[in-house]
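Below you'll find the structure, written out as structure tokens, and then a few comments.
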Amino acid sequence: MHMFEGFLSADWWQVWLGAFFTLAVLSFLYKENALYRFAEHTLVGGYVAYRVVILWDNTLIPRLRDNMVRDGQWIYLFVLFVGLLLYTRYGPSQYAWLARYPIALNVGYFVGLRMAMLPRPTMVQITAAFRNLWVTQDGSFVFSATVNEWVIFITTLTVLSYFMFTLARDWRPTQWSGRLGRYLLMVGFGASFGNTIAGRITLFLGRADFLLSEWLKIGG
Amino acid sequence: MSIWERFERINPRFIFLLMLFVLITPMIRPIGLPVYITPLTQALYDWVEDLPPGSVVLFDSAFAPGSASEIEPTMRALLHHLFQNDHKVVMMAQWELGAMHSSTVLDELAAEYGKEYGVDYANVGWRAGSENWFIGLRDDFIGGMVGVDMSGNDLTEMPLTRDLAAVRPEYFAGVVCFASGNPGVDDWVTYNPNMPLFVQATAVQVPTYMRFVETRQIEALLSGQAGGAQYEQLVGQLGEASRLMDPQGAGHLLIITLMILGNIAFIVNSKKRAAK
Amino acid sequence: MLEMVQLASGAKWGFLADDGQAVSGFCMMMIMLILTYYVITRARAGFPIPHIRKIAGLEALDEAIGRATEMGQPVHISSFRSTVDQQESWAFWVYLAHTAKLCAQYDTRIINCVSDEISLAIHEEIIQTGYLEAGRPDAYNPDDVRYMSNQQFAWVAGVIGMLERERPAAQLLIGRFFAESLVLAEQGNLIGAIQIAANDSAFQLPFFVATCDYVLIGEELYVGAAYISRDPVMTGTVVAEDMVKMALFGVMIVGTLLETFKAEGADNILRTWFNY
Amino acid sequence: MKRELPMLLALGAALLRLFLELSHYQRTEMQWQLHTNQWWAFLAATAVFIGVINLCRLHMHRIRRKVAHWQMSAWCLFVMASFGLYGILLKGPFQAGNQEHWFRWIFDSVLQPADRTMFSLLAFYIASAAYRSFRMRNLEATVMMVTAAVLMLNQASIGPMIWSGWGDMAGWFMDIINAPAQRGLAIGIFLGSYAMVLRMFLGLERKHLGL
């Protein structure tokens, strides 16, 4: 039996543990069961621990050990204090409102970022909607390219007109173009869906490949 | 109940079972469907071929192990290509699990080509702080990384990373972003538009990123496993992606067949319902 | 205290261009800000504000919670990546507050699964406030706000396990979702829950459109968040948004005319201005 | 203190960030933004134990009340505590232990396969979703179905085998219809989300502060 090569060695355990958890999760397709629950709770507990470890190792400790103590940036002590105010939610209820300070600071800082940065990638998209509706090459008219440009132009405008909520929403042309826009949006969604299936199948193929060639050692 | 009525109300478990069968069979007995190379994959290959020797390429693993089957083949093939041409690789990660997963791949390939850590490749990993952290790298790479790599080695002491002051074109030849969602490509496009950006995305994201390709914000875009299979062919290192293209086709055929049958059932049954 | 960092590139004048789209983005910000301020002042002064067109998914929200109440089963509302830095999360908080209050009034359990620590504190606060506003502070059950790790598929494993074991009758998937969208929506469908999705990610909308009963597409997510309170001041912000949209139609049409009729090799003035 | 100060703090933080982003701080030579970003990143990281607290509370309740499957709750807490403490204490609490061999080994052999398999369930769900929802119920569903089918055949290299122009046709759907539709959607989303941001900025939305 190839499956038992290197029985009980670290590599053997790795493959068998992997196979066990793979099968445990796949069993959910039949119904929710004890094996799945076991994998589920391992995954949740394990990843919570993993996040704590990686933040501890890569952010909390280097900042406090290197930046604060070694380089003397004592502001991190203040930041740490503000951050710890969040935990007052779990203490006596008369101090729970203190948690609003770190929340307000965290959210507010990103509100500023979004205000400044949201328009940035969109500007390129607006200028990309400027189309040349009469394409010529070396002085002669190109039919297919012109049709494509028209389709692109109309699709952009009609899709955007679907999202008219208050102004001009009862105007007949807006309603019609909005409806057309919705159909074109569905074509786009269909394209996304069709393109995605490949990716999703790949994910399972990766697992099946593991089970067949690494665990059972057949095929391939 | 007619067969069509039964078919319309089929238990999803039967579909799961059929799918399992259809996907596993061609893995054991391959058919050998052809692979077509797209211009967007060729663009990445050509860029690597034209790089001056010893260039430093930044890898950004913005994916979790979950989507590794789609992304890892390209990462492997590209590492083969880069290491064969004597280029250097610095790996960072916008996803915390990406850091862990890719370090395994990187170590494996580096060992195969006898590359030395800190000289030919380095792995700086992930840091907390999402966009705040990411934007900071544009101006101070080492400071943003808190001065250490993933294992806690000092970045200023390693020959490769010592001079990498910022994530800018002066220091890195380009970024290859291995993206399976957000954060990922959008961050590069928004906050660091000057870096030449090459993307291996999961297939699901490709339609959305097409608009970046059109506006030249992305230089090359590889789509899921198909992209991996194409790159493997270009480099001549056939691997997982090329092998799994057959079941891929079979799976698609099954879904299309099911769709057609489902629609026939739907039409037959709605005629019956109308007749009643 | 702050260390001096050697400048790697030339100085930049922020407000005065030289950095990509800074100026046009800044103008856009000022226009939106002034318009919004103007419209909400009008609304506060009691001038009439145009009505918002009907959004089917929003009407269905109350209905779904009502159905869960009738069946005596909980309501599940979640946004996967509800980190505090995303505008989707901010919209989600509005829906969460609304749902929590309704659930408290109807005496229905509300289950919320969270994937971010700071958001966890915020969601607890929001739901608690909802119960307080409904006059039933002691009915709030802290065990129904659950942290299921911040990793996508651990979170999904926890949520679909919960769906199977606790069988909510309504599932509201609002906010930011990635690949897990389809798993949650299909599993919700298998347990027969009524499903409403609201999403602005072009990757995931196709799946929600294919599998959910009602979907708020893209911008509708944010407009719904303004509309849900039925407050004229909030609705006013949507009017400002529509004004800018009308202006952008004009910009696109003029830009296209310029592009079509410009001389060979000339620059499009509007494009230059927008890109700056 | 309870109501106004948090609002003011949020406004102050937003204005600070807005100024830093728009002014292009490189001029100041002090790289203020870089440092403020690092402080805020650290602030966010200090919240990490909230999740641990929540998970402990939930599962402790379950164990105490002996609800169904309480053994799993105990297992979950055990995994979290043992794996977490092992990672932190492995090389002493002040040294990074996450790249150590056995820590990675556990990650690679337990968490990673379960995570990847969880994701791979999508292959099955997408098949059943496609089967169930792609019906010619109305025009909307039909156009979605037809484009999906065209793209699927192309992805699987089957389309190009039937007709050499298939790839171009799929490309046409992607570039000429899909890309501008995404663009229209994106511009709409930008406007909607910007209005949302302004509502936050102006203090109209303050649900997160419990107000």
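Structure values in brief
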{"item": "Pick from segment B:217-263, criterion of a type in the set (Gly, Ala, Ser) and facing another protein chain (nearest Cβ under 7 Å), ranking: nearest to residue B:30 (Cα to Cα)", "result": "B:249"}
{"item": "Index of the failed condition, residue A:114 passing every other in (1) more than 7 Å from chain D (Cβ to nearest Cβ); (2) assigned to a helix (DSSP H, G or I)", "result": "(1)"}
{"item": "Conditions (1) out of contact with any Asp or Glu (no Cβ under 6 Å at 6 or more places or on another chain); (2) surrounded by fewer than 24 Cβ atoms within 10 Å (Cβ to Cβ); (3) assigned to a loop (DSSP other than H, G, I, E, B): number failed by residue C:84", "result": "(2)"}
{"item": "Unique residue being touching a Lys or Arg at 6+ places or on another chain (Cβ under 8 Å), more than 12 Å from chain D (Cβ to nearest Cβ) and of a type in the set (Ser, Thr, Tyr) when the list is B:45, B:121, B:113", "result": "B:121"}
{"item": "Residue A:77 being assigned to a helix (DSSP H, G or I), among the aliphatic types (A, V, I, L, M) and over 32 Å from the mean Cα position of the chain (by Cα)", "result": "yes"}
{"item": "Verdict on residue C:111 being in contact (Cβ under 8 Å) with a residue 24 or more places away in the chain and surrounded by fewer than 24 Cβ atoms within 10 Å (Cβ to Cβ)", "result": "yes"}
{"item": "Spans of helices (runs of 4 or more DSSP H) in segment C:167-276 with at least 3 residues in the same structural domain as residue C:96 (by TED's automatic domain parsing) and farther than 24 Å from residue A:158 by Cα", "result": "C:180-190"}
{"item": "Tabulated pairs, segment B:50-62, first without any contact (Cβ under 8 Å) to a residue 60 or more places away in the chain, second among the acidic types (Asp, Glu), C-beta under 6 angstrom, 6+ apart or interchain", "result": "B:53/B:86"}
{"item": "Per-region count, segment D:156-198, residues assigned to a helix (DSSP H, G or I) and either more than 9 Å from chain A (Cβ to nearest Cβ) or in contact with a Lys or Arg (Cβ under 7 Å, 6 or more places away or on another chain) (or both)", "result": "15"}
{"item": "Residue identified as of a type in the set (Phe, Trp, Tyr), surrounded by fewer than 20 Cβ atoms within 10 Å (Cβ to Cβ) and within 24 Å of the chain's Cα centre (by Cα) among D:83, D:49", "result": "D:49"}
{"item": "Residue match in segment B:197-215 (condition: touching a residue at least 60 places away in the same chain (Cβ under 8 Å), crowded, with 24+ Cβ neighbours inside 10 Å, assigned by TED's automatic domain parsing to the domain that holds residue B:83 and part of a helix (DSSP H, G or I))", "result": "yes"}
{"item": "Some residue of segment D:8-21 being more than 25 Å from residue A:89 (Cα to Cα), touching a Gly at 6+ places or on another chain (Cβ under 6 Å), among the acidic types (Asp, Glu) and crowded, with 17+ Cβ neighbours inside 10 Å", "result": "no"}
{"item": "Residues of segment C:209-234 classified as more than 15 Å from the chain's Cα centre (by Cα) and more than 10 Å from chain D (Cβ to nearest Cβ), total", "result": "4"}
{"item": "Exclusive hit being under 16 Å from residue A:148 (Cβ atoms) and surrounded by fewer than 24 Cβ atoms within 10 Å (Cβ to Cβ), set D:176, D:162", "result": "D:176"}
{"item": "Hits in segment D:150-178 (condition: closer than 22 Å to residue B:32 by Cα and among the hydrophobic types (A, V, I, L, M, F, W, C))", "result": "D:150, D:151, D:152, D:153, D:156, D:158, D:161, D:162, D:163, D:166"}
{"item": "Selection from segment B:8-35 of residues that are free of Cβ contacts under 8 Å to residues at least 60 places away in the same chain and part of a loop (DSSP other than H, G, I, E, B)", "result": "B:9, B:10, B:11, B:29, B:34"}
{"item": "Among (1) out of contact with any helix residue (DSSP H, G or I) (no Cβ under 6 Å at 6 or more places or on another chain); (2) closer than 22 Å to residue C:99 by Cβ, the one test that residue C:264 misses", "result": "(2)"}
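Residue-by-condition table, conditions (1) charged (D, E, K, R); (2) more than 7 Å from every other protein chain (Cβ to nearest Cβ):
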{"position": "A:138", "(1), (2)": "yes, yes"}
{"position": "A:146", "(1), (2)": "no, yes"}
{"position": "A:156", "(1), (2)": "no, no"}
{"position": "A:164", "(1), (2)": "no, no"}
{"position": "A:167", "(1), (2)": "no, no"}
{"position": "A:172", "(1), (2)": "yes, yes"}
{"position": "A:190", "(1), (2)": "no, no"}
{"position": "A:195", "(1), (2)": "no, no"}
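Yes/no per residue for (1) of a type in the set (Phe, Trp, Tyr); (2) facing chain D (nearest Cβ under 10 Å); (3) part of a helix (DSSP H, G or I); (4) touching a strand residue (DSSP E or B) at 6+ places or on another chain (Cβ under 9 Å):
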residue: A:14; (1), (2), (3), (4): no, yes, yes, no
residue: A:35; (1), (2), (3), (4): no, no, yes, no
residue: A:39; (1), (2), (3), (4): no, yes, yes, no
residue: A:46; (1), (2), (3), (4): no, yes, yes, no
residue: A:52; (1), (2), (3), (4): no, yes, yes, no
residue: A:58; (1), (2), (3), (4): no, yes, yes, yes
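Results for (1) modelled with pLDDT of 90 or more; (2) outside the structural domain of residue B:71 (by TED's automatic domain parsing); (3) among the hydroxyl-bearing types (Ser, Thr, Tyr), shown as yes or no for each residue.
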site: B:103; (1), (2), (3): no, no, yes
site: B:122; (1), (2), (3): yes, no, no
site: B:134; (1), (2), (3): no, no, no
site: B:152; (1), (2), (3): no, no, no
site: B:163; (1), (2), (3): no, no, no
site: B:172; (1), (2), (3): yes, no, no
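The values are calculated or read from the model by the stated rules, or taken from the named source; none is laboratory data. What you are looking at is a predicted structure, and each value in this text was computed from that prediction instead of being measured. When we count neighbours, we look across all protein chains shown, and the Cβ atoms used for this are built from the backbone with ideal geometry, even at glycine.
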